[in-house]
Amino acid sequence: MGDTIAPLPDSPVTAAVQAALPGARADLERLVRIPSVWADPAHAADTTASAEAVAELARAAGAADTRIVSADGGAPAVLAHWPAPAGAPTVLLYAHHDVQPTGGDEHWTSPPFEPTERDGRLYGRGAADDKAGVMTHLAVLRAYDGRPPVGVTLFVEGEEESGSPTLTALLAAHRDALTCDVIVIADSANPSVEVPALTTSLRGLVDVTVEVALLERPVHSGIYGGAVGDALTALCHTLASLHDEHGAVAVPGLVHGRSSAPDLDETVYRSDAGLLDGVELIGNGTIPERVWHQPAVAVLGIDAPRVAESSNVLLPRARAMVSMRLAPGDDTAKARHALTEHLIAHAPWGARVTVTPGHGTAEPFTLRSVGTAYDAARTAFARAYGNEVVEIGIGGSIPFIAEFARTFPAAAVLVTGVGDPASRWHGIDESLDLAMFGRAVLAEALFLAVLPRPRALENDVVVIKNAF
């Protein structure tokens, strides 16, 4: 990676990681070039090709066995295994190789599936989310020349961006092969490229489709307008009730949490979000409270005539997709009921309202950040980044984390990642900071080294330097 990687702390594993990074960068670019958008049936073959490419990389990294698996017609996932040395634990390394749609190739500065480096960042769909996670794991295994100090199971899913609908069946079918002591999920982000984070809370998710009906059929707006309402205006009234005058969620009965995390720099946050000049932030409390520990509601889509196709008629029906993020501690069934009741109660003019549950469901989740695995991670990540680890929440939802926790209740779950606020996950011009990628690989390599030696965690980092 040349000058794009900042100097890393001296140690034998640092040299091995540095040697592995150029090849990992090249293979990351290879994966980014595969448009593995599983949510789009037109890219089903591309997602299969992506899984095959990951499986090939796992074999080349020394896996003792590698399989491409699926369940219930779901996307192909890669399952590979490196046996544990005697007495060592087994670590499950998770990432996903499917990606989001581009949102319109024409909006990107460079083609989304042609990886392009600019100012130390690699741009492309999946460069951060989550093909960087895939290559972080594989780079670590290469650094250990296929002989890691712990047992490793690599599990690379192919439908995370679609909500992991067949993950339950996949875990049930391959439970024995996936059984582990520690789970490392590389699908989150850091607060900056220099500061490592462990994600310990995630918001949940529910969505519904709300339909408002006023008329049996469209009618002339000149003849009936003024005495008869239209469904689109009624729908807008209903949707406007979801927030109060400050933009805080107005649906009663939801959990609202607090956070002790330091507030974020609003100027930086606004810039990262791309807020226009003069546009205010919504909600109440600190920014971490608003995005990690409070609910959020967004209207994701409305079925209505296009402006160019509109005519002077009152619409009989209109509908919208409403998505709601839930604070940790809330319950999806109760929250969906509260949202449904609110929408029905706030439709104007006696409109008939139908609320249909959507497919997007994820329970909010909180991880207990205690134990040997967390101690090892804090030590290793601080060593690699040169800064102490911080614990963060994520405003988004990662449904499979709760699924892993239920399936393997004795395993410690650590959520890490190689994104940062400028990565624009799911957005236009998604990118990966290449220097942070190098730190993330070193951090995971150090973590695997100290994990089987819990007593070393009581000593200073010199012990880690001599642990290879």
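The values are calculated or read from the model by the stated rules, or taken from the named source; none is laboratory data. Predicted, not measured: the structure shown is a model, and the values here were computed from it. We place every Cβ from the backbone using ideal geometry, glycine too, and count neighbours over all the protein chains shown. Note: areas computed on protein heavy atoms with side chains; ligands, DNA, RNA excluded. Shrake-Rupley method; radii C 1.70, N 1.55, O 1.52, S 1.80 Å.
Counting just the residues of the range 271-301 that are touching a Leu at 6+ places or on another chain (Cβ under 7 Å) and not in a loop (DSSP other than H, G, I, E, B), which one comes out nearest to Cys236 (Cα to Cα)?
Val299
Would you list the strands (runs of 3 or more DSSP E) that sit entirely within the range 1-110 and hold 3 or more residues that are surrounded by fewer than 19 Cβ atoms within 10 Å (Cβ to Cβ) and over 22 Å from the mean Cα position of the chain (by Cα)?
Here the list reads 65-69.
Identify the single condition in (1) open to solvent by 10 Å² or more (accessible area, probe 1.4 Å); (2) of a type in the set (Ser, Thr, Tyr); (3) in contact with a strand residue (DSSP E or B) (Cβ under 7 Å, 6 or more places away or on another chain) that Tyr385 does not satisfy, given that it satisfies every other one.
With respect to (1) open to solvent by 10 Å² or more (accessible area, probe 1.4 Å); (2) of a type in the set (Ser, Thr, Tyr); (3) in contact with a strand residue (DSSP E or B) (Cβ under 7 Å, 6 or more places away or on another chain), Tyr385 is out only on (3).
Just wondering, is there one or more residues in the range 334-351 that are farther than 11 Å from Asp207 by Cα, out of contact with any Asp or Glu (no Cβ under 6 Å at 6 or more places or on another chain), in a strand (DSSP E or B) and among the charged types (D, E, K, R)?
no
Of everything in the range 353-409 that's among the polar types (S, T, N, Q) and in a helix (DSSP H, G or I), which residue is nearest to the chain's Cα centre (by Cα)?
Restricting attention to the range 353-409, the residues satisfying the condition of being among the polar types (S, T, N, Q) are 354, 356, 361, 366, 369, 372, 379, 387, 397, 407.
Right, trim to in a helix (DSSP H, G or I) and you get 372, 379, 407.
Values: Thr372: 25, Thr379: 24, Thr407: 20 Å.
Across the range 353-409, the extreme among qualifying residues is Thr407.
Would you pick out the residues in the range 112-133 that are of a type in the set (Gly, Ala, Ser), under 14 Å from the mean Cα position of the chain (by Cα) and in a loop (DSSP other than H, G, I, E, B)?
Result: Gly126, Ala127, Ala128.
Out of the residues in the range 233-273 meeting the condition of being open to solvent by less than 90 Å² (accessible area, probe 1.4 Å), over 28 Å from the mean Cα position of the chain (by Cα) and in contact (Cβ under 8 Å) with a residue 40 or more places away in the chain, tell me which one is nearest to Arg319 (Cα to Cα).
Per the stated criteria, the residue is Leu235.
Somewhere in the range 193-208, is a residue in contact (Cβ under 8 Å) with a residue 60 or more places away in the chain, surrounded by fewer than 17 Cβ atoms within 10 Å (Cβ to Cβ) and either outside any loop (DSSP other than H, G, I, E, B) or β-branched (Val, Ile, Thr) (or both)?
The answer is no; no qualifying residue exists.
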